[in-house]
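Peer 1: My questions all concern the structure below.
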Amino acid sequence: MIVAIDGPAATGKSTSAKKVARELGFIHLDTGAMYRCVTLAVLRNQITLDNESALSQLLDGLDIRLKKLDDELVVYLNGEDVSDEIRKAEVTSYVSIVSALSQVRNALVRIQRNIAKNQDCVVEGRDIGTIVFPDAKFKFFLVADDFVRAQRRQLDLIAIGEEKSIAVLVEEIRQRDFLDSKRSNSPLCKADDAIEIDTSKMTFDEQVAFMVNRVKK
C-alpha cells in the first residue's frame, strides 16, 4: 500500500510522513531528500544545468540511500552522511531548479518506484499522488499559511546553525512555490482525489492522527 503526502515546502510533509509511517508500521520514503542530494552533488561538482552529458554521468554515479537510525532518517550520498548539509540554504535555494529537470526527475522516479515496489510505504514529495504513484490508495495534500511556513523553516535553519529573517523566508517560499507549480515536468499540484489538510492551526499530533485514522478506517 502507498500513502502519498504532497504539498509545498514547510507544510509539515517530512515530519508528518515520518511519524505516520511509524504509526502504521510502513517504510518512510523522503523523495525531497533525494532531490536535495542530487542538488548538493550538482553544486559540489559545479555542473551547469545545460550540460546534459555531465549531468547524466553524475546521475549514473550517484548512490543515494535513506536509512533509519535511532528513529531518525539519515541520508547518505555516496556513503557520506549529508542529512544536515542538504537542508542548508544554498541547497534549498537551488533544489527547485535542479528538480525541474526532466533528466533528474525521470532518474529519481525510477528509483522511488523500485524502492516502494511490493512494500507498504508512506511517500512524501510534490508529485507523488499525481505522477510517481497516481494509483496510491491514500493521498493527502498539505497546505499552510506562508507566515507559518516561514516560521517552521526558520526553526529548521536555526537547528543547523543558519539564520534568516521571516520576511526573507516568506519571499523564498513564495518563489519556490512559483517554480514548483510552473515547471513543465511534474509540477506541484493537488491530485483530484487527494484530501487537503491545512496544517496552519493544527498541532503536529493532530495532523498525524488525522492521516493515520483515515488510513486505518
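Peer 1: Return the total of residues in the stretch 185-217 being under 15 Å from residue 15 (Cα atoms), part of a helix (DSSP H, G or I) and of a type in the set (Val, Ile, Thr).
Peer 2: Selection size over the stretch 185-217: 2.
Peer 1: Before we move on, is residue 179 more than 14 Å from residue 10 (Cα to Cα) and aliphatic (A, V, I, L, M)?
Peer 2: Against the criterion (more than 14 Å from residue 10 (Cα to Cα) and aliphatic (A, V, I, L, M)), residue 179 qualifies.
Peer 1: Identify the residue in the stretch 47-66 that is over 24 Å from the mean Cα position of the chain (by Cα) and among the polar types (S, T, N, Q) and, among all such residues, is surrounded by the fewest Cβ atoms within 10 Å (Cβ to Cβ).
Peer 2: By that ranking, first place goes to 53.
Peer 1: Follow-up question, since we're still on this one. Could you check the stretch 125-177 and list, in sequence order, the residues that are part of a loop (DSSP other than H, G, I, E, B), buried (at least 19 other Cβ atoms within 10 Å of the Cβ) and not small (Gly, Ala, Ser)?
Peer 2: 126, 127, 133, listed by residue number.
Peer 1: In addition: From 122, 82, 74, which residue is of a type outside the set (D, E, K, R), surrounded by 20 or more Cβ atoms within 10 Å (Cβ to Cβ) and free of Cβ contacts under 8 Å to residues at least 60 places away in the same chain?
Peer 2: Being of a type outside the set (D, E, K, R), surrounded by 20 or more Cβ atoms within 10 Å (Cβ to Cβ) and free of Cβ contacts under 8 Å to residues at least 60 places away in the same chain holds for just one of 122, 82, 74, which is 82.
Peer 1: Now a separate question. Take the stretch 30-67 and flag every residue that is farther than 25 Å from residue 89 by Cβ and in contact (Cβ under 8 Å) with a residue 24 or more places away in the chain.
Peer 2: 52, 56
Peer 1: Turning to a different aspect of this structure: Just checking: which of the helices (runs of 4 or more DSSP H) contained wholly in the stretch 16-116 hold 1 or more residues that are at pLDDT 95 or above and among the acidic types (Asp, Glu)?
Peer 2: So the answer is none; nothing clears 1.
The values are calculated or read from the model by the stated rules, or taken from the named source; none is laboratory data. What you are looking at is a predicted structure, and each value in this text was computed from that prediction instead of being measured. Neighbour counts run over all protein chains shown; Cβ positions are idealised from the backbone, glycine included.
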